[in-house]
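One structure is given here, and the rest of the page talks about it.
The values are calculated or read from the model by the stated rules, or taken from the named source; none is laboratory data. Note that the structure is predicted; figures quoted are calculated from it, not measured. Note that we place each Cβ from the backbone using ideal geometry, even for glycine, and neighbour counts take in every protein chain shown.
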């Protein structure tokens with residue numbers, strides 16, 4: 001009997017990576033320096049490498065900047081070419097936007 005090898009699609013790999021990120025550590029923290037160009041560059045690099053990035057917004061940043069985590073996640077997603085996958089408390093996950101839809 002021959003075994004059939006099933007290749008994982010990109011979507012399957014991203015889903016697994018999101019699952020790992022939900023349970024795992026934060027990749028990037030957004031702190032007092034805010035949404036700087038270097039922060040955006042770091043998030044973009046991580047999205048390009050892994051396809052998924054987990055970001056925690058420090059409470060001190062939210063106090064000084066105002067706003068909420070959801071709108072901040074959307075702002076960062078729009079500037080990095082990512083898509084907001086999940087928001088929980090002060091933490092959110094971005095995934096790389098798929099090309100050609």
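Pairs meeting the criteria (first residue in the range 59-86 and at positive phi and at pLDDT 90 or above, second residue surrounded by 14 or more Cβ atoms within 10 Å (Cβ to Cβ) and assigned to a strand (DSSP E or B), beta carbons under 8 Å, at least 6 apart or on different chains) are 81/96.
One residue alone among 53, 35, 43 is closer than 15 Å to residue 80 by Cα, in contact with a helix residue (DSSP H, G or I) (Cβ under 8 Å, 6 or more places away or on another chain) and in a helix (DSSP H, G or I), and that residue is 43. Applying the set (1) at pLDDT 70 or above; (2) closer than 19 Å to residue 76 by Cα; (3) touching a strand residue (DSSP E or B) at 6+ places or on another chain (Cβ under 8 Å) to residue 22 leaves exactly one unmet item: (1). Filter the range 28-43 down to the residues that are surrounded by fewer than 18 Cβ atoms within 10 Å (Cβ to Cβ) and touching a residue at least 12 places away in the same chain (Cβ under 8 Å), then identify the one that is nearest to the chain's Cα centre (by Cα). Ranking the candidates gives 28 first.
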